[in-house]
Every structure is written in C-alpha cells, then in structure tokens.
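The values are calculated or read from the model by the stated rules, or taken from the named source; none is laboratory data. Quick caveat: nothing in here was measured; it's all calculated off a predicted structure. A quick note on method: Cβ atoms are made from the backbone with ideal geometry, for glycine too, and the neighbour counts reach across all protein chains shown.
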Amino acid sequence: MVTKVLMVCLGNICRSPLAEGLLRSKVDPDLVLVDSAGTANYHIGKRPDERSIAVASKYGIDISHQRCRKIVPSDLEIYDHIYAMDKSNYQKIVSLSQTVAHHCKIRLLMEETASQPWEVPDPYYGGPDGFVEVFHMIDQACDIIARKIALNPK
C-alpha cells in the first residue's frame with residue numbers, strides 16, 4: 001500500500017518543491033508518493049524558483065523536473081498527509097476540506113519537529129541565505145516524517 005504525501009506552499013516554487021524533493025530523497029518511492037502544490041495559481045506549469053533548484057542541487061537533490069500546480073479539492077481525497085508551510089496556506093487548504101477526515105490530514109510541516117517556529121518562512125523576496133535556512137528547516141521535518149511513515153505506513 002502506497003502512502004501519499006502532499007507538500008503545499010503559496011506558489012509551489014520555493015518551499016513545497018524543496019519539501020517534495022527532500023522527502024522523496026528519504027523514502028522508498030515504491031512505498032511513498034510525494035508531490036507538491038501551491039494554494040495560488042501564479043506559476044502553474046513552471047519550474048521551481050532557480051534558488052530552490054540551486055540549494056537542492058547543492059545538497060544532491062534534483063528538483064528541476066518538478067512543475068508547479070495548484071492544489072485542488074480532490075487532493076484532499078487522494079493524499080494521506082498534507083503539509084502546509086505556513087498558517088496562511090494551512091487555512092486555505094482547510095477551506096477546501098469538506099469532511100473531518102480531510103481536515104485531519106492537514107498539518108503545518110514544522111509541527112512535526114515540535115520546535116518553534118511553526119512556520120517555514122517564504123524566502124522568495126530574500127537572498128540565497130533564506131533558501132539555505134528554509135532547506136535545513138524542511139530537511140529536519142522531512143527526516144521526522146520519513147521515520148514516521150516507515151514505522152506507520154498509511
């Protein structure tokens with residue numbers, strides 16, 4: 001049985017593509033399907049931000065093949081775990097949920113680490129250092145998620 005995980009940020013070009021790439025690098029692709037999406041439709045069909053691609057590549061992860069898409073209501077049926085990068089996007093995803101079961105699938109990514117801050121900051125308007133910081137935050141959360149999935153698949 002395959003466990004399906006969706007990572008979500010605003011535009012699906014900075015944080016969620018990094019989260020998708022990081023989690024994919026930590027799990028068995030035959031057992032875990034990882035995808036990402038945005039809550040806005042600004043960049044549909046485009047590659048992730050070059051700075052996200054660069055920081056992922058620096059750590060041996062290729063996210064250049066990913067393409068941006070917007071989350072749709074059916075994603076709440078399809079995915080077992082949906083992780084939002086921040087509270088604003090969390091609320092947008094919750095607004096799509098039609099059932100308690102859907103709502104229970106949605107979490108803030110950084111809740112997994114049980115440490116503050118609860119949100120992954122959006123590095124889009126900053127410099128490369130922000131992308132490195134975000135990469136390490138997401139990496140820590142994805143380590144925990146990968147272990148949990150390995151212990152408790154779906």
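General remarks:
- Filter result for the condition that a residue is of a type in the set (D, E, K, R) and over 16 Å from the mean Cα position of the chain (by Cα), over R107, R51, R67: R51
- Residue match in the stretch 115-125 (condition: more than 20 Å from S52 (Cα to Cα) and buried (at least 18 other Cβ atoms within 10 Å of the Cβ)): no
- Test: residue in the stretch 112-122 that is touching a residue at least 40 places away in the same chain (Cβ under 8 Å) and over 14 Å from S36 (Cβ atoms): yes
- Residue within the stretch 3-15 that is surrounded by fewer than 16 Cβ atoms within 10 Å (Cβ to Cβ) and assigned to a loop (DSSP other than H, G, I, E, B) present: no
- Test: residue in the stretch 115-124 that is closer than 22 Å to R147 by Cβ, modelled with pLDDT under 95 and polar (S, T, N, Q): yes
- Of all residues in the stretch 79-91, at least one satisfies being free of Cβ contacts under 8 Å to residues at least 40 places away in the same chain, farther than 21 Å from A150 by Cβ, in contact with a strand residue (DSSP E or B) (Cβ under 6 Å, 6 or more places away or on another chain) and crowded, with 16+ Cβ neighbours inside 10 Å.
- Taking helices (runs of 4 or more DSSP H) as the structural unit, those lying wholly within the stretch 64-143 and holding at least 2 residues that are closer than 17 Å to V5 by Cα and charged (D, E, K, R) correspond to 75-78.
Residue-by-condition table, conditions (1) touching a Phe, Trp or Tyr at 6+ places or on another chain (Cβ under 9 Å); (2) under 18 Å from V27 (Cα atoms); (3) of a type in the set (K, R):
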| residue | (1), (2), (3) |
| --- | --- |
| I63 | no, yes, no |
| Q66 | no, yes, no |
| P73 | no, no, no |
| I78 | no, no, no |
| K87 | yes, no, yes |
| S97 | no, no, no |
| H103 | no, no, no |
| L108 | yes, no, no |
| V132 | no, no, no |
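- Flag not set for K46, criterion: in contact (Cβ under 8 Å) with a residue 12 or more places away in the chain, of a type in the set (K, R) and assigned to a helix (DSSP H, G or I).
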